[in-house]
Structure formats: C-alpha cells, structure tokens
Amino acid sequence: MKGIKILGTGHYLPERIATNDDFSKIVDTSDEWITSRTGIKERRIASGEPVWYMGVNAARDALLDAQLDASEIDLILHTSVTPDFYTPSMACMVQRDIGAKNAIGIDVNCACSGFVYALDIAAKYLQDDQYKNILIVSSEKLSKITDYSDRGTCVLFGDAAAACIITKGDGMFFSYLGAQVEDADKLFARTITDDNPFCDDNDQQKYDKFSDSNGQYIYMDGREVYKFAIKAIPKAIKGACDKAGVDVNSIDMIVPHQANVRIMETAAANLGLSIDKFYMNLELYGNTSSASVPLCLDEFIKEGGLKEGMRICVVGFGGGLTYGAAIFDL
Ligand code: ACO
C-alpha cells in the first residue's frame, strides 16, 4: 500500500488585498497588461505577520478539518523560500505553536516546487510505520523579497500559507521530480552576504557566479523561466503517469503551481488536455510559490470538488530550476 489519503487541509491568507490598479500607482503598469500577460487580478500582502505565524494558522485550520489533535502528528514538513530564521526551522516554530509534542520537523526548500517535493518525501515516510500522520505546511511571504520598483516581478507575487495532513491510503502514488540546475541563475534570491572583519566584498565576488546583483530581492529572467515551465510541466506530468503506467487522460484534476495562466494554457495544449482540467485560483492570489498548490487543494476540497476515487496530479516548477509532479488516487 503506497498511496496517500488527505485527512484535512487548511489555509491562512493575509487580509490586505493589493489589486492591479494599486500596482499601477507604484510602477509603470496597468490592469490590462497584468491580466492579459499573467491572469492575475489581485494578491494578498502580509501586514507584518511572520511566515511561521501564517503557517501555524494554516496548520490549525488543517487540524480542525482533519479532526486531529496536534499530538497525533508524527512529522511536520515545512516548505518556504522566505523563512523567518536561519534557525530554528519553520517546522520547529510550527511544531511549538500548535503543540505537536510527538512530532519531528524538517524544512524543505525547493522553491515553488516545494509542496510537490514535500508530498513525495511524506509518501516515502509513510512507508515507515512510525509515521502515521504527516502535516505539510507551505508558508510564503514573497513580499519580503520582492522589489516593488521592478514592474517585471513585483506584480506577480503574493503572500499565503496552506497546509495539508496526509496518511496512508489504498490508491497509488507516483512522482517524477527533477531539476534543470544549469539554469539556477535564471531565478534566485540571495541570503545576506558575509559580514565579518576578515572578508571583504572582493573576496566574495570571486565566488559569485550569479551575475545580476539585486540585493536580497527576487531576480527572474521571465522569458527563460516561461520557456522552462512550458516544457517542465508536461515532462513532469508525463513522467509521473509513465511510472504509474496510466494515461494522462485518466487524470481527473491537475493542480498546478499558480504562476501564469498562459503557462498553464500552453502546458495543457502540449499535453493535449483541456485547460478545464487545470485548477486555477491565481486571479485572486497571484504566485504564492510553494503555498499555491496546497492553497488550490484546500479550496478545491472545501468547495466540494474533490471526490473519493478521483485521480489527482499536483505539479510544481520554480527556483533551482526545480520541477516535479505527483499523481495519486483518492
Ligand atoms: N507592466 C507593464 N509592462 C511590463 C511589465 C508590467 N508589469 N513587466 C514587464 N513589462 C514590459 C517589459 O519591460 C517589456 O517592455 P519592453 O519590450 O519595452 O522592453 C515588455 O513588457 C515585455 O517584457 P517581457 O518580460 O518579455 O514580457 P513577457 O511577455 O515575457 O511577460 C512575464 C513577462 C509575465 C513575467 C512572463 O515572462 C512570465 O510569466 N514568465 C514566467 C514567470 C514565472 O512563471 N515565474 C514564476 C515561476 S517561479 C516562481 O514561482 C518563483
């Protein structure tokens, strides 16, 4: 029995909404440009709440949905590109605040593919009888690393957290993960640089292979990431289906990373699938990195769309450049 079962899902969304018109007041852009190029209309921006706080609230929501006590969680996997601390981990912070006294926690950094990678790790941990209930928390505060003077990136990102609790299931679970690491410099955000009396900037520059310097803000070569994404999505979905020995047409719903509606339309066409099979909510939340897939899952389940026996495929792509898909029956 290698399958997974979703016991509960949850989310946390900051209250503040930033519309496309709000962005046209701070950079040279328009609602028409953003909507036609990306499909995004608005996104949430945190008002000071930390990443761990957003994650804790999403986790509590998922525990309530699963009707589980935090003490019944055995493993917490936390995904984020914007952790609050180098240490403790975000998983430890969530574990502390929800009171998951019997759990261990691990942080996973695979950028926008984070949830798919975490789901794959969780499915493998479930093969060990010590781990019955696994909580995945994806909490992202992209506003921390967004340059609000760069119109090419700032309109894309939003803040959100989402969580999912899984246990062993009767169906199948297959994944296909990969990374096009030679293009790692097409999408990145730095941590702080060395600051000690023995090292100067020239020392550090010797090692820096990423030519574009933009502080700690997200740098993205949009066109290159676009070209990568439209190939990576079909590759990952087909890869997972081949491993499972099933046809892509057998998938009932694809839950993709929410980056750009045009990317999804092109990927759907490349797979010969209808765009209706791709779940989308980026119009309201923008690109929330690893939180986007579990946010969609939470919404889809709570609006009653997800039914027992359905075949679901989650697919992500992002910094690394990582990509991956997981296919499972509910
Ligand atoms: N408003 C108005 N004009 C803009 C804006 C904006 N917000 N942003 C860029 N432009 C301009 C550019 O300056 C450029 O003008 P120029 O021709 O005078 O130089 C023109 O629009 C075209 O720019 P491109 O970057 O070529 O625009 P493109 O059609 O490629 O769309 C976009 C840009 C939406 C970023 C697209 O490349 C894209 O979606 N790429 C993939 C990004 C992605 O998916 N990232 C997420 C994956 S990883 C992660 O989630 C962190």
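Filtering Ile17, Ile26, Ile73, Ile34 for residues that are in contact with a Leu (Cβ under 8 Å, 6 or more places away or on another chain) and in the same structural domain as Asp159 (by TED's automatic domain parsing) leaves a single hit, Ile73.
Whether a residue is in contact with a helix residue (DSSP H, G or I) (Cβ under 7 Å, 6 or more places away or on another chain) and away from the ligand (no atom under 16 Å from the Cβ) was assessed, and Ala240 does not pass this test. Scanning region 108-152 for residues that are in contact with a strand residue (DSSP E or B) (Cβ under 9 Å, 6 or more places away or on another chain), more than 18 Å from Arg190 (Cβ to Cβ), charged (D, E, K, R) and not in a helix (DSSP H, G or I) yields a count of 1.
Within region 187-194, can one find any residue that is open to solvent by 90 Å² or more (accessible area, probe 1.4 Å) and within 12 Å of the ligand (Cβ to nearest atom)? Looking through region 187-194, none of the residues is open to solvent by 90 Å² or more (accessible area, probe 1.4 Å) and within 12 Å of the ligand (Cβ to nearest atom). State whether one or more residues within region 50-73 are part of a loop (DSSP other than H, G, I, E, B), buried (at least 22 other Cβ atoms within 10 Å of the Cβ), modelled with pLDDT of 95 or more and away from the ligand (no atom under 16 Å from the Cβ). Among the residues of region 50-73, at least one is part of a loop (DSSP other than H, G, I, E, B), buried (at least 22 other Cβ atoms within 10 Å of the Cβ), modelled with pLDDT of 95 or more and away from the ligand (no atom under 16 Å from the Cβ), which makes the answer yes. The criterion of being outside any loop (DSSP other than H, G, I, E, B), within 9 Å of the ligand (Cβ to nearest atom), open to solvent by 40 Å² or more (accessible area, probe 1.4 Å) and among the aromatic types (Phe, Trp, Tyr) holds for Trp33. Within region 269-292, being more than 20 Å from Ile17 (Cα to Cα) and either within 15 Å of the ligand (Cβ to nearest atom) or in contact with a Pro (Cβ under 8 Å, 6 or more places away or on another chain) (or both) holds for Asn270, Leu271, Phe278, Tyr279.
The values are calculated or read from the model by the stated rules, or taken from the named source; none is laboratory data. As the structure is a computational prediction, the values presented were derived from the model and not from experiment. Please note: Cβ atoms are built from the backbone with ideal geometry, for glycine as well, and neighbour counts cover all protein chains shown. Protein only, heavy atoms only, side chains kept; ligands, DNA and RNA dropped before computing areas. Shrake-Rupley method; radii C 1.70, N 1.55, O 1.52, S 1.80 Å.
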